[in-house]
Amino acid sequence: MIPKSLTFVKTYSGEDIDFLYKKITEDIVLDGKDITFGSAAEPKRAREIYATIQLYGKAIPEILAGKTPENFRWSGDKITDYQDSFLISLEEVGIKKFDDTDFEYTYIELMRKFKTMEGDIDQMVISKDKLAENLKTKIQSNQNVGVIYHPMYWNSHNPPCFNWYQVRMLDDNQVSLRLLFRSNDYGDAVWANLCGVAKAFDELVIKPAGCVLVEIILTSSSAHIYANEADLAKKVSGFDWDRDENEKKSAVLRLLGHKPKK
């Protein structure tokens, strides 16, 4: 028996984003570990699992078009506008607007103007060139990787959640995009971030290299839902946040592969 203190690890694969969102939310609600994280000044209560999700088929064009799953809060223009924010010119990257929404950084800034002692590095250009070379030589490589997290943000109130990527050529000119997030809010953020990041790689790296995106593998080291999003979690999953209520449905839980909590 796995000790209760360990993390619940789960993998998913499919092309139906509605089903995947429902299933992941179900697993977080029913099997996730209750945690308090954040900081002493701002503790946050949540329930989490460690999740790896493989997306393919119709899920890829839907994500690139800014479509989000049923019952996810953000959709339509809010998502496509967010995607467009990744596609600004290099000259505009990093320019602060000094409004209430400004972070210390944006993902596209860390992707295209990564700070080093030798100056800024545009990781999108490097990845595009590496991918084009892979296509030309017909030799696959695991070396087309980049980092988003920078140690300069170690003491930041909101260090980057998106930390690492790999662009991997598969058969012919097909490409797998692998993403690692140290933390993913599956209530309000995950699908929006996925739409934005995937669009950036498709437009700035994959298509310019003459390739086609056919797969996304997203790893969330902490796939969590905040306790104050319990109503949303129930709407998506169909199960109560209060596990005592779910114990009354033990036959249903067993049918779905979940063991009632003891």
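The values are calculated or read from the model by the stated rules, or taken from the named source; none is laboratory data. In this text the structure is predicted, and so the values were computed from the model without any measurement. Here Cβ is always computed from backbone atoms with ideal geometry, including for glycine, and neighbour counts include all displayed protein chains. SASA here: full protein model, heavy atoms, side chains in, ligands and nucleic acids out. Shrake-Rupley method; radii C 1.70, N 1.55, O 1.52, S 1.80 Å.
All but one of (1) assigned to a loop (DSSP other than H, G, I, E, B); (2) under 20 Å from Thr52 (Cβ atoms) hold for Tyr105; which doesn't?
Single failed check for Tyr105: (2).
All but one of (1) buried (at least 19 other Cβ atoms within 10 Å of the Cβ); (2) of a type in the set (A, V, I, L, M); (3) assigned to a helix (DSSP H, G or I) hold for Val252; which doesn't?
Every condition holds for Val252 apart from (1).
Quick grid of which residues meet (1) in a strand (DSSP E or B); (2) hydroxyl-bearing (Ser, Thr, Tyr); (3) touching a Cys at 6+ places or on another chain (Cβ under 6 Å); (4) in contact (Cβ under 8 Å) with a residue 40 or more places away in the chain:
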{"residue": "Pro159", "(1), (2), (3), (4)": "no, no, no, no"}
{"residue": "Arg168", "(1), (2), (3), (4)": "yes, no, no, no"}
{"residue": "Asp171", "(1), (2), (3), (4)": "no, no, no, no"}
{"residue": "Asp188", "(1), (2), (3), (4)": "no, no, no, yes"}
{"residue": "Trp191", "(1), (2), (3), (4)": "no, no, no, yes"}
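I'd like to verify a number: residues in region 6-30 that are crowded, with 17+ Cβ neighbours inside 10 Å and modelled with pLDDT under 95, how many?
Looking only at that region, the number is 2.
Kindly indicate the residue of region 5-43 that is of a type in the set (Lys, Arg) and in contact with a Gly (Cβ under 9 Å, 6 or more places away or on another chain) and also farthest from Pro69 (Cα to Cα) among those meeting that condition. Spell out the reasoning first.
Of the residues in region 5-43, the ones of a type in the set (Lys, Arg) are 10, 22-23, 33.
So of that shortlist, the ones also in contact with a Gly (Cβ under 9 Å, 6 or more places away or on another chain) come out as 22-23.
Values: Lys22: 9, Lys23: 12 Å.
Among them, the one singled out is Lys23.
Tell me, which strands (runs of 3 or more DSSP E) wholly within region 6-59 include 3 or more residues that are of a type in the set (A, V, I, L, M)?
The qualifying strands (runs of 3 or more DSSP E) are 43-56.
Table: residues versus (1) open to solvent by 30 Å² or more (accessible area, probe 1.4 Å); (2) over 22 Å from the mean Cα position of the chain (by Cα).
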{"position": "Thr36", "(1), (2)": "yes, no"}
{"position": "Lys44", "(1), (2)": "yes, no"}
{"position": "Gln54", "(1), (2)": "yes, no"}
{"position": "Pro69", "(1), (2)": "no, no"}
{"position": "Arg73", "(1), (2)": "yes, no"}
{"position": "Leu87", "(1), (2)": "yes, no"}
{"position": "Leu90", "(1), (2)": "yes, yes"}
{"position": "Thr106", "(1), (2)": "yes, no"}
{"position": "Lys128", "(1), (2)": "yes, no"}
